[in-house]
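Everything on this sheet refers to the single structure shown next.
The values are calculated or read from the model by the stated rules, or taken from the named source; none is laboratory data. Remember, it's a predicted structure, so these values are computed and weren't measured experimentally. Note that we place each Cβ from the backbone using ideal geometry, even for glycine, and neighbour counts take in every protein chain shown. For accessibility, only protein heavy atoms count, side chains too; no ligands or nucleic acids. Shrake-Rupley method; radii C 1.70, N 1.55, O 1.52, S 1.80 Å.
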Number of protein chains: 2
Amino acid sequence: MRPEWLDAPLAEPSEKHRQEALNRQGQLTKPPGSLGVLEKIAVDFAGWQNKMMPELESLKVVVFAGDHGVVESGVSAFPQSVTVEMVKNFSRGGAAITVLAKHLEALFEVVDVGTANDPGPLPGVVSSRVGAGTADMSKGAAMDEKQLYAALEAGRQAAIRGNEEGVQLLVGGEMGIGNTTAAAAVGSVLTGLSPALMAGPGTGLDSTGVANKALIIQKAIDENSPDAKDPLSVLRKVGGFELAALSGFYITSAQLGIPILVDGFITTSAALAAVKLRPELADWMLFAHLSEEPGHSALLAAIGGQALVDLEMRLGEGSGAAVAVPLLKMACSLHSEMATFAQAGVSQG
Amino acid sequence: MRPEWLDAPLAEPSEKHRQEALNRQGQLTKPPGSLGVLEKIAVDFAGWQNKMMPELESLKVVVFAGDHGVVESGVSAFPQSVTVEMVKNFSRGGAAITVLAKHLEALFEVVDVGTANDPGPLPGVVSSRVGAGTADMSKGAAMDEKQLYAALEAGRQAAIRGNEEGVQLLVGGEMGIGNTTAAAAVGSVLTGLSPALMAGPGTGLDSTGVANKALIIQKAIDENSPDAKDPLSVLRKVGGFELAALSGFYITSAQLGIPILVDGFITTSAALAAVKLRPELADWMLFAHLSEEPGHSALLAAIGGQALVDLEMRLGEGSGAAVAVPLLKMACSLHSEMATFAQAGVSQG
């Protein structure tokens, strides 16, 4: 049965504090609007934190890991074993996202939602296994309803843990060989764009590989007939455990009043599914970067989101979100610490 | 007499260490190239620091302040008094760049190269005054040769101070009501593009104001006939004290082997003048952001530089450079701290 919490109300950003922050921006010692996007970010945080002078001190990065049965059809440049190998690499701090999380002094957690092989207990890894990887979506549904709800719940619990730790921002990341295929399938169904427009090189396919990947996605869509108006069924039929977990993570985060920084292609596909379920969720999201994965811009457009930076990244893990975090911190610092024209005795234009 | 140091050799980035770093990037636990621009930045720093594992721990931001006689012709939305008022605001820590420098734990200094009124001794402000603002370039040369060389020297001394403090990156910023007019004039002469393409709103002109600004720039160019092949004379005739200081700052920085992060429109015009003098200087430069000022992209193109981020900023002071600094730090951290495939036992694609 569809979990009730999916339909529970989201928190509402405070329009009053947004207006107060907007007014403050006009009084700071700079030409009005000259801090560009940083001004908008500060105003967003004022609304999210219900105060005119927001701050961003604490955040958490959660990487959801899962495997994909469709990998058997040859959709990735890397073997499936890499998913668990990378989970171990996260646990030991050797991966890009762990280096970045340390640099940002962010809380960090990996949630194993269902890798092909259970890595067993590892430091910093929460086991919320829904299965040993999804089924091959080109031959049937990627998962059953019970697995879908368990994956959504795994994401929900991660957001609840972050809230208990008092973080002011949640960043979702993912690891899963084959998950650009699942993300492209979900994105293709939800946007109505063809798999050929959504499929990309992922970890490094050549053009033949990408064409094959698009064919397999089309096969999965034909096989499963997912209904674009039912995002949950799309996640179940052609998604993945970590995608469903991310969707649950995002919805719960907004229910708890914690803003979300969305990473790249895969996380944006999960964000789109979640926004299709709960359109007001978009008010709690910032979009960190434009991925090199070609379908990403269409997913962003479908949400109405704009990426903060474009650094030609395509790694996933939450890495593109992590590199944008300092921009959010600086936006809040500028907003709260700059002098006003009156305070500084500076003439206005 | 043209200062001899202008022609002294620049340091040379180490090709050997660039290659070693490039090789290391291919061994880190990520799909090759997936960190995009961050990989290139790490390789650049390896060449600049002569080591495979570069780091970016210490940096200095220097804001050069000067006034502009051309302001009498009505080219700015703010009164000239704001230049000195903002110097005081920098000194007290209330301006955008000072908030950012504090956030970045960067060394910070203001160099007064010639504001209209001498603010007298202020904490954190170095007095290297070349005059009480430039002359009105629409009626003759902005400065004489002696002033030009003194302004270049003021920039040089700031880079030397940074080197003595052991910094690994220098960021130049600027403050000067009217300096987008001077920067547009310099940029127009050096690129050959018309003032109408180079003039922008600056601190907030409307379209009539921008059109008037372009006319005044054209008048200044007609009056002075600057020679595009002689960048020093361009800086002297239609530039500004802080522009010349920035050019000297950049050249000296590269002579000392310290890489440079260029800010926005005004600093890029000074960077272009310096690169026209010393083309190999471009090898020591990163370009932080694309300014909203419409002429900026043409200046970047003339240097062959690519901005790291576009946040719709147009404040100056070095603020656009400051917000990009964390990207450089994270690029170095990722490069030096990530595990290799061999170290992590992760299978390669």
**OP:** Using Cα pairs closer than 8 Å and at least 6 residues apart in sequence, work out the relative contact order for chain A, in percent.
**Re:** 24 percent
Subject >> Selection from A:Thr340, A:Gln19, A:Gly131, by position along the positive dipole direction of chain A (Cβ) >> reply: A:Thr340
**OP:** Have a look at the DSSP beta bridges in chain A and tell me what percent are antiparallel, nearest 5.
**Re:** 5 percent
Subject >> the protein assembly as shown, accessible surface, carbon-and-sulfur percent (1.4 angstrom probe) >> reply: 50 percent
Subject >> For segment A:242-320, accessible area per residue (1.4 Å probe, heavy atoms of protein chains only), Å² >> reply: 22 Å²
Original post:
In chain B, which residue puts its Cβ closest to the axis that turns chain B onto chain A, and how many whole Å away is it?
Top reply: B:Pro326, 2
Original post:
For the modelled label position 7 Å from the Cα of A:Ala132 along Cα-to-Cβ, which residues of segment A:97-118 have backbone nitrogen atoms closer than 19 Å?
Top reply: A:112-118
**OP:** Provide the per-residue ³J(HN,Hα) series for segment B:291-306, in order, calculated from phi with Karplus coefficients 6.51, -1.76, 1.60 and θ = phi - 60°, each as a whole number of Hz, with x at glycine and proline positions.
**Re:** 6, 6, 4, x, x, 4, 4, 5, 5, 4, 4, 5, 8, x, x, 10
Original post:
Once the dipole of segment B:60-186 is set up with Lys and Arg at +1 and Asp and Glu at -1 on Cβ about the Cα centre, which of B:Ile160, B:Gly69, B:Asn89 lies farthest towards its positive end?
Top reply: B:Asn89
Original post:
Excluding A:Ala184 itself, what net charge comes from residues whose Cβ is under 9 Å from its Cβ, given Lys and Arg +1 and Asp and Glu -1?
Top reply: 0
Original post:
Got a sec? What order do B:Asp310, B:Asp263 fall in by accessible area at 1.4 Å, biggest, i.e. largest, first?
Top reply: B:Asp310, B:Asp263
**OP:** With label points built 7 Å along Cα→Cβ from the Cα atoms of B:Asp118 and B:Ala8, find their separation and express it in nm.
**Re:** 2.9 nm
Subject >> Kirkwood Rh in Å, taken over segment A:60-330 so that all alpha-carbon pairs contribute >> reply: 17.6 Å
Original post:
Protein chains only, probe 1.4 Å: how do B:Met1, A:Met53 rank by accessible area, largest first?
Top reply: B:Met1, A:Met53
Original post:
Reachable lysines from B:Lys213, Cα under 19 Å, same-chain residues fewer than 8 places away excluded?
Top reply: B:Lys139, B:Lys237
Original post:
If we restrict to alpha carbons, what Rg and Dmax does the protein assembly as shown come to, in Å?
Top reply: 26.6, 85
Original post:
If you add up the charges near B:Gly74, with Lys and Arg at +1 and Asp and Glu at -1, over every other residue whose beta carbon is less than 13 angstrom from its beta carbon, what do you get?
Top reply: -1
**OP:** Only counting protein heavy atoms at a 1.4 Å probe, give the residues of segment B:94-113, ordered by number, whose accessible area falls by 30 Å² or more when the other protein chains are present relative to the chain alone.
**Re:** B:Gly94, B:Ala96, B:Val99, B:Leu100, B:His103
**OP:** Starting from a label point 7 Å past Cα on the Cβ side, list the distances from B:Asn212 to the same position in the other copies, nm, shortest first.
**Re:** 6.7
Subject >> 5 angstrom amide H check on A:Phe64, placed H, neighbours 5+ away >> reply: A:Val111, A:Gly173, A:Glu174, A:Met175
Original post:
What size of dipole, in debye to the nearest 20, comes out for segment A:1-111 about its Cα centre when the only charges are +1 on Lys and Arg C-beta atoms and -1 on Asp and Glu C-beta atoms?
Top reply: 380 debye
Original post:
Where does segment B:270-349 land on Rg/Rh, using Cα atoms and the Kirkwood Rh?
Top reply: 1.14
Subject >> Distance cut-off 20 Å, percentage of C-alpha pairs in segment B:128-284 lying past it >> reply: 45 percent
**OP:** Taking a probe of 1.4 Å and counting only protein heavy atoms, give the total accessible area buried between chains B and A in Å², rounded to the nearest 100.
**Re:** 4400 Å²
Subject >> Surrounding net charge for A:Ala288, when Lys and Arg each add one and Asp and Glu each subtract one, Cβ distance under 11 Å >> reply: -2
Original post:
Could you give the nm distance between label points at A:Lys51 and B:Ser81, where each point is 7 Å from its Cα heading toward the beta carbon?
Top reply: 3.6 nm
Original post:
In nm, what does the list of distances from A:Pro279 to its counterparts in the other copies look like, shortest first, when each label sits 7 Å along Cα to Cβ?
Top reply: 5.7
Original post:
Can you pick out the pairs among A:Lys30/B:Lys60; B:Lys229/B:Lys276; A:Lys329/B:Lys329; A:Lys102/A:Lys329 whose Cα atoms lie more than 18 Å from each other?
Top reply: A:Lys30/B:Lys60
**OP:** For helix B:37-49, report the angle its Cα long axis makes with the longest principal axis of the Cα atoms of chain B; keep it between 0 and 90° and round to the nearest 10°.
**Re:** 90 degrees
Original post:
Given the Cα atoms of segment A:1-155, and with Rh set as the inverse mean 1/r over their pairs in the Kirkwood sense, what is Rg to Rh to two decimals?
Top reply: 1.11
Subject >> A:Met1 paired with B:Asn23, simple spin-label distance in nm, labels 7 Å along Cα-to-beta-carbon >> reply: 6.4 nm
